[in-house]
Every structure is written in C-alpha cells, then in structure tokens.
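Right, one structure below, let's go through it.
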Amino acid sequence: MAINNWYKDKVFYQIWPRSFKDGNGDGMGDLYGVYEKLDYIKSLGCDGIWFSPLYPSPGIDCGYDISDYMNIAEEFGGMDAFKKVLDGAHERGMKVIMDLVVNHTSDQHEWFQKSRRRIEPYTDYYIWRPAKPNGKLPNNWDSLFEGKAWTWDEMRGEYYMHLFAIQQADLNMDNPLVREEVKKILRFWLDMGVDGFREDVITFISKPEGLPDDKLMPASKGIFMFNHGPHLHEYLEEFHRDVFSKYDCMTLAESPLVTPKKALEYIDENNNPVLDMFIQFETQEADSFMTDYYHMPFNLRKLKRSYTKWQEKLDGKGWNMLYIENHDHPRMVSRYGSERFQKESGKMLAVSYLFQKGTPFIYQGQEIGMTNWYPSDPEMYEDVQTRWQYFNVATKKSPEKRLKRLWDGSRDSARTPVQWSAEENAGFTTGTPWFYINENYKDINVADQEKDENSVLNFYRRAIKLRKELSSVKNGNYKEHGKMSSSFYTYSREDDREKLLIVCSFTEKTKKWSVPSGFDLASAELLLSNYDKLDGTTLKPYETRVYRWVK
Ligand code: GLC
Ligand code: CA
C-alpha cells in the first residue's frame, strides 16, 4: 500500500517503449531514449511513469506476450539500462510503475514449453482441456483478438485457452503454484525499487468453474463469463496480503466493462481495499459501441455521463484514475476533438479531464496533440488485433470501408513514434524506424512546440502546474452543470478555500455558453484558456476556460 497515498498527488506519463525514443539508432525505442528524455517528462510536471511491458517477448502483442518476467528485453537495453532509468527517475522525484501481465504468458515462456510437455510442476500452469467427443471446442468463448479462445496443441494433445492472441496462453490462476510465481515476480521488481504496477486485464484471471458456454452474448462470447470471475477478489486479496501490503507501492487495475459499483468492491478505502485504482473503459466509449472498431458519431452527453458518474460514485470512497489516451485506443484529437482545430481541441481535451478528481495519466505524444494515422494499405498495420479485424471481420464490406474501420478503430493509430522534431524520422531515430511515422510530424512535433509559448505542449505544462497548485482540484467537490448541453462540458470544483468553474466546448461552432447560476464571471479570475481574446460568454471552436473565485 502506498504510504500517505502518494499516488494521489502524482501525474503519470505512460511510455509505450517501442515508439517513445530510440537511443541507439537501431530504429526501436528503448531505455536509452527514455533516459535522455527524463528531464523532458519531468518538465511537463509529470512525476510518475508507467511503462508498458519492457520484458523479453516475441512481440506478437508488442510486449504483452511475456516470455521472461524477471528481465528486461535486450532491445530495450537490458537490465542495466532499466536500473539507470529507475535511479534517474527516482533522483528526479518520479515514481515508476511496471506493467504486470499475468492473465497470460507468451507461448514461448518456459512455463508453457514445459506445460505442453507435461513436465512437473508446470503441467497445470495453463488452462488445458481435451477435445469434446463430438470434436467441438471445450467451450464457445471467443478470443478478444482473433477467432476462438482455444487452440489445439499437437504436442500435448489438448486445447489451451487464450483470451487474446493465439500465442498468449492464459495462466491457470486457480493453481496455487501460479499465484506463488506471480508473487515472486512482484517481489522481484518491488525489491528492486519499482513503485507499483498497472495490472493488465487483471479482472480476467479467475475463470468460472467448469468453463461453461456463454449462452447470452451474441458477439464476443465469454467476456461476461470470465470478467470478475468467482475467485478474483480472493486472489487479489492474497497478492495484497502477501506482497503489496508490505511495500510502499500502488496498484492500478485494468478492467474492461467495470462499473463504479464493481470497482468499489476492490478499492473502497473504508472497506479493506485490495487495489488502489481502476482503469475504466466507459470514457472511451463516447464514439463507439463496446470496442473502437464499432465506430459511431461522437456523443458528448455520453462522455459527460461517464465522467460524472465516476466522479460522483467514487467520491469519498475510492480514487479515480483519469486518462483520455493510452496505447489501446486511437488518438483523442481525432476522436473527441478535431484535426482541423488540432491545437484548440488538443488543449481543450487536456482541461476536460485534468481538473477532475483523481490521478491523471498522459500518454506519450498526447501532450503535443498527436493525431491518428491514415495508412493507405491495410498491410501497413502491425497490431495483431487490427489485422484480424481487417482480414476476418465484416469481410463482405468493401476494402475502402474496412480500411476506414481501421483508421477509426485501430490501436496502431496511437502507436506511431513520438514526433520529437521536424527532422528526418521525426527525430525519433537516426536509423530506420520499426514502424511508420505519422506524416504530419513537420507540423506537430515537440521541438517546434517547445519554442512556441502557445503550443499544446506548453499548455499541458500550465494545466498540470495549475492542477498541482489548486487545492480544490485534489480534494474539492465535483459538480457538473448544463448536463443537457451537447456542445459544452461544464464542471466546477470547490473546497473551503476556492471555487473553480471549468468549461470545455466540444464543437467546431462558435456558440453561446450559459453560465451556471451562482457563478459571477465578473468577479472571477481567469486562470487558463486556449484563445487570446475572449468574447464574453460566446465560445469559439473548442474553446476552454478555467475560472477561479478565492474565498
Ligand atoms: C491489455 C493491454 C493491451 C493488450 C491486452 C492483452 O488490454 O493494454 O495492450 O493487448 O491487455 O495483454
Ligand atoms: Ca533502440
């Protein structure tokens, strides 16, 4: 458990290592590059880093298929480079959290290789089942990435379960030996000085007894069966009791479909919490149905409902993790904002969540308003899930329509290398980049934005600085105003010292904003806005403002 809940004062920066910064010229982002950029991250006002997986991995799912949990991949610089980054971060007062991916391992992991050969004690480390007499799969669940959740292993003569890619075999968490392995991994990193974990799809680790068929879900069968399974709380409690409670660390659980009510079963501070925070998915669903591939027009009221729901329902009980971007979703400027108003909407989106109550996370490139990537050929996509979507889903649709689905929905849209400068390869590498660079790097890059006081980058710095200075942002009351508006998101924060009013316009139109009653703008101090000149209460495209009244 984090002593004094230190994570409540932090702003985290998420690094997706392959695309952050290449430090040795081989085209792949690495820890040398991270080391070079520690001061940059710190300069944003960020004082925590979440690393997406850095471990050795065949890279089928860009590192989320781990083949060795207690090591750092050579391509990222190995353990020495990691220790240097860890020390460098700590010297700068920054915390470091790792990705813990224990729902599954790579099929190249030694445990799997031994398990398929029935070598003890690994025989039951995974979820193996014989074929049914009628030749059917053990159950009807789908993999979230490709096809069915079962693949036949010739060597063992049984099926194994994989909720993600074929090469990501699900661990059998019901086996106490597997849970001991997890604890070993946790202690290894915590003893080294790591400050906590982001726990990958952790709510999937307990499968229901007998692995029954899913009889309800038409699409994506299984998810309601294996999410928040019967022993989940028990296992998380065990990890907490045996490991986390003995360290000054934080835990952040990723959970698709989690609701505030569910989350509170694990994070209620007044009721033996076993985790600190959740990554919820609801705020990502304002322009889609369940997954980004089922794209729909952006619906601000849907977004506001989920923002406010999480703010209100956790209030006084649990702590929110706040984010708008990560490596699993396309870029927000292109989704909830506007590429035409890249600068304005990039800034507005920052304000839409940075003044809420919780611990904010910023995903690499978000701070300069990076946008989606529009490759002309589906073969240019790298992501396993994206490729499956193109080649196997909705195949009757025209190639143009299918490509458009990827533009709107692919995770690769947010995985192009960070645009550091207008130089070759966006300054990401001196070699050949492992992946495509977004063509707009000459217009959107860190170096240019450093020089421009009005850039998205410098706006993020100001907003983060403000959030750290303002007492009401950390602990004040949250209230949403004008809920019915489909153009503006208006919220206030208030404590005994001050009151803030925050407005975010989500429209390309210039429009009149009705100031909520009880807020007299004439006596307010304007702390932040994304336009030079304000026009009364008429808001320009994607305008945002933060007002304050000191009590
Ligand atoms: C999580 C990760 C995602 C990964 C998946 C399987 O959702 O964020 O990137 O592909 O789990 O590990
Ligand atoms: Ca490299």
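Since every read-out is calculated from the coordinates, none of them should be taken as a lab result. From a predicted model like this one, the values you see are computed outputs, not experimental measurements. Methodologically, a virtual Cβ is constructed for each residue, glycine included, from the backbone with ideal geometry; neighbour enumeration extends over all protein chains shown.
Structure summary
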| item | result |
| --- | --- |
| Unit charges on C-beta of K, R, D, E only; dipole of the range 449-551, Debye | 180 debye |
| Computed magnitude of the charge dipole of the range 357-466 (debye, nearest 20; Cβ of K, R +1, Cβ of D, E -1) | 700 debye |
| In the range 424-471, the chymotrypsin sites (Phe, Trp or Tyr not before Pro) that fall in loop regions by DSSP, at most 12 other Cβ within 10 Å | none |
| Positive-end residue, the chain charge dipole about Cα centroid, Cβ charges, pick of P516, P58, W128 | P516 |
| Computed FRET value (nearest 0.05) for D520 with K309, which takes r as the C-beta separation and R₀ as 35 Å | 0.75 |
| Mean projected area (nm²) of the alpha-carbon convex hull when the chain is viewed from all directions | 25.1 nm² |
| Reciprocal of mean inverse Cα separation for the range 446-542 (Kirkwood radius, Å) | 14.9 Å |
| Flagged links, alpha-carbon separation over 24 Å, of K10/K442; K10/K84; K21/K42 | K10/K442 |
| Computed label-point distance, nm, for sites E450 and K479 using a 7 Å Cα→Cβ extension | 4.4 nm |
| Selection of GluC sites (Glu not before Pro), the range 448-522, meeting DSSP coil and at most 16 other Cβ within 10 Å | E453, E508 |
| Cross-link pairs K148/K215; K184/K317; K317/K474; K183/K221 - those with Cα-Cα distance over 26 Å | K184/K317; K183/K221 |
| For peptides 202-209, 309-316, sequence by mean Cβ density within 10 Å, most packed first | 202-209, 309-316 |
| Helical mean residue ellipticity (222 nm; -39500 (n - 2.57) per DSSP H run of 4+; nearest 500) of the chain | -7500 deg cm²/dmol |
| The range 300-408: relative contact order in percent, alpha carbon pairs under 8 Å with at least 6 residues between | 25 percent |
